Amino acid sequence: AALAVLCGSAAAVVVWKWLGKRQIEKKMEEARWTRDEGVKKMAKAVQQFREQVPHDQTDAILSLPLLELAGRLQEGSLSPKTVLYTYLEKALAVTQQTNCLRHFIPECEEQLQEIQQQKEKGLLYGIPVSIKDHISHKGHLVTCGLLQCLGTPVQEDSILVKVLKKQGAIPFAMTNVPQSLFNYDCSNSIFGQTLNPFNHQKSPGGSSGGEGALIAGGGSILGIGSDVGGSIRLPSSFCGLCGLKPTANRIRVWHTHLFHVDVCSHPNSVPCALGPMARDVDSLALCMKALLCPEMFRLDPTVPPIPFNEGVYSSTAPLRVGYYDTDGYFPLPPCMRRAVQETKGALQAAGHTLVPFSPPRIHYVMNELFVRAFFADGGHAWLDVFTGDIIDPSLKPQVNICKIPRLGKKLLALILKPLVSPWSQAPGRVVSVKEMWNHHHQIEVYRTEFIARWRELQLDVVLCPILGPAFTKGYPGKLLTAISSTMLYNVLNFPAGVVPVSTVTEADEEELKLYQGCCDDPWDRTLKQAVAGAVGLPVAVQCVALPWQEELCLRLMKEVETLSREK
């Protein structure tokens, strides 16, 4: 009898688990069905439009830079409807290839009517804009790639979306993200893996990876991403785009998903920033100019009312540029260091002053300041968001490390060093309020030290490397430690942008075979595997300015872009 009860209990547990899993799968299937139905409806709308308007202008419209497209829309030589449907059609083709869209925004047709009623044409009049999944748009879900977020659609546009619409832009698509946003790959268990449009074996980067793939594939001309560790800059690097992470409060993160704000952005230590992604630097500047307007300052009084300074961006005065090609924490592949050295040479030849610069105490920033900011509670809040969810394979390495008890991590670090990530040895958890206050203070002390070194050298801006080229799918989750090049400027809260300057050559690929990183340990060998087979893929550099000096950052980016195109 006891055996029968035991067997019955075991069978009940198995059935209960199976039913739970089936319920999860059903919820995911419903979300995918909704997405696919939206795609079908948009494809039908595009087809109906094409029956009235032929493809004559398609290639011409898609090839126009944003500034030129905006000018043509303003003067009336192109209609917003033709531009919108041209980009909808292209976005359908790109997402079919790369799985970059999470959902079309059918209300874009209402916005099309709305802008024609506006008394004044905004700076982005008639421009189709894509937005990252977690930026709220009325009537749509904000999923963060998580099952628990497949509930109620948001009731109000985020401030960012309201300002875009006020400036005449037409938000038309929401793009895919990695599960929980805490990954620089772009895959989740609900909507699947987004692919790099240049090579489908490669990742588009993350967490704004859907934006990266859609814009690089030609399906959007301007997108809005977010960045708390490199999430705008890494997809820009992997996909050959220009992307800007502003100072966090220059454009506020109001009405995005609460998980992202509360768990990922840490407003008091390592803040999240929203910013533009596009095909050229002028597009980023136009977007910033449009967003930094009286409507933004009226809707969000916590945003400093600092309009875009066109004079700084357009200046031709020589710059004093600090530079480094490695931060000494995680040596990047040879092609990324080559890009910095070539750009440094081009800037010098153009009359700018280049000064060697070395970021102070980078190991301390990554192993102490960053880890304590993100895992102050030992990672429990982050792990909680996966409750009742299927964890995406690309995130499993990070989740598994987080699940190990603190004592277990210390023992593993002692036994397996250097085979375990340096972050599994880091203290992570903050055990008291006093310790949390002290951590915030340490970040301020470091920021002061960094600015003092910058001032000593009388720098205007800094040129430095960015992680790349594009990783093979699945590798970003194994190499979270590799993001020191971007994470540093989230901890500092400095504006930082990415510009493509070159592509991976056969010579770069040969040199990669000799790459040993710091000490040819498992992390260095994993990086080597991640970036192998990248001939022809984009190679970028990173440009940085002091807080609130986005225009100066963009100025350096524009100079770098111009010189690389001339070359």
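The values are calculated or read from the model by the stated rules, or taken from the named source; none is laboratory data. Predicted model, so just to flag it, every value in this text is computed and none were measured. Ideal geometry is used to build each Cβ from the backbone, glycine not excepted, and the neighbour counts take in all protein chains shown. Accessible surface is based on the protein model in full, side chains and every heavy atom, while ligands, DNA and RNA are left aside. Shrake-Rupley method; radii C 1.70, N 1.55, O 1.52, S 1.80 Å.
Tell me, what % of the accessible area of the chain is carbon and sulfur with a 1.4 angstrom probe? Roughly 56 percent of what the probe reaches on the chain is carbon or sulfur.
At 0.36 nm per residue, and after removing the present C-alpha to C-alpha distance, how many nm does the segment from Gln52 to Leu411 gain when stretched out fully? Provide the component values of the computation, followed by the final result.
Working: separation 359, 0.36 × 359 = 129.24 nm, distance 6.91 nm.
My answer for the length gained is 122.3 nm.
Among the protein heavy atoms, those of Asp59 account for about 120 Å² of accessible surface (1.4 Å probe, every chain in place).
Taking every protein chain into account, the accessible area of the chain amounts to 40 square angstrom per residue (probe 1.4 Å).
Residue-normalised convex hull volume from the C-alpha trace of the chain: 167 Å³ per residue.
With 27 Å as the limit, the listed pairs Lys21/Lys44; Lys121/Lys162; Lys166/Lys202 have Lys21/Lys44; Lys166/Lys202 beyond it between alpha carbons. Of the complete DSSP H runs in the chain, those spanning 30 angstrom or more by Cα along the long axis with a mean Kyte-Doolittle score not below -1.0 are 2-52.
Full extension of the chain between Lys138 and His363 gives 76.7 nm of extra length, using 0.36 nm per residue less the Cα-Cα distance. Would you kindly state the longest site-free stretch of the chain, with sites defined as GluC sites (Glu not before Pro) in a DSSP loop (not H, G, I, E, B) surrounded by at most 14 other Cβ atoms within 10 Å? The longest uninterrupted stretch comes out as 157-567. For the chain, what proportion of DSSP beta bridges, expressed in % and rounded to the nearest 5, is antiparallel? Of all bridge pairs located within the chain, approximately 70 percent are antiparallel. Computed from label points 7 Å out along Cα-Cβ, the spacing between Ala507 and Ala381 is 4.9 nm. In this label model, Cys519 and Lys40 are separated by 5.8 nm, measuring between points 7 Å along each Cα→Cβ vector. Stokes-Einstein, applied to the Kirkwood radius of region 26-308 over Cα pairs at a viscosity of 1.567 mPa s and 4 °C, places its translational diffusion at 70 µm² s⁻¹. When the alpha carbon gyration tensor of region 74-203 is reduced to an equivalent ellipsoid, its three semi-axes come out at 28, 18, 11 angstrom, largest first. Between the listed residues Gly209, Ser269, Gln57, the Cα displaced farthest toward the positive end of the dipole of region 26-308, a dipole computed from Cβ unit charges relative to the Cα centre, is found at Ser269.
Once the piece of chain linking Ser432 and Ser77 is laid out straight, how much longer is it, given 0.36 nm per residue of separation minus the C-alpha distance between them? Don't skip to the end; give the middle numbers.
Details: separation 355, 0.36 × 355 = 127.80 nm, distance 6.25 nm.
In short, 121.6 nm is gained.
Bridging of Lys558 to lysines at a Cα separation below 22 Å is possible for Lys245, Lys289, Lys344, Lys567, once same-chain residues fewer than 8 apart are set aside.
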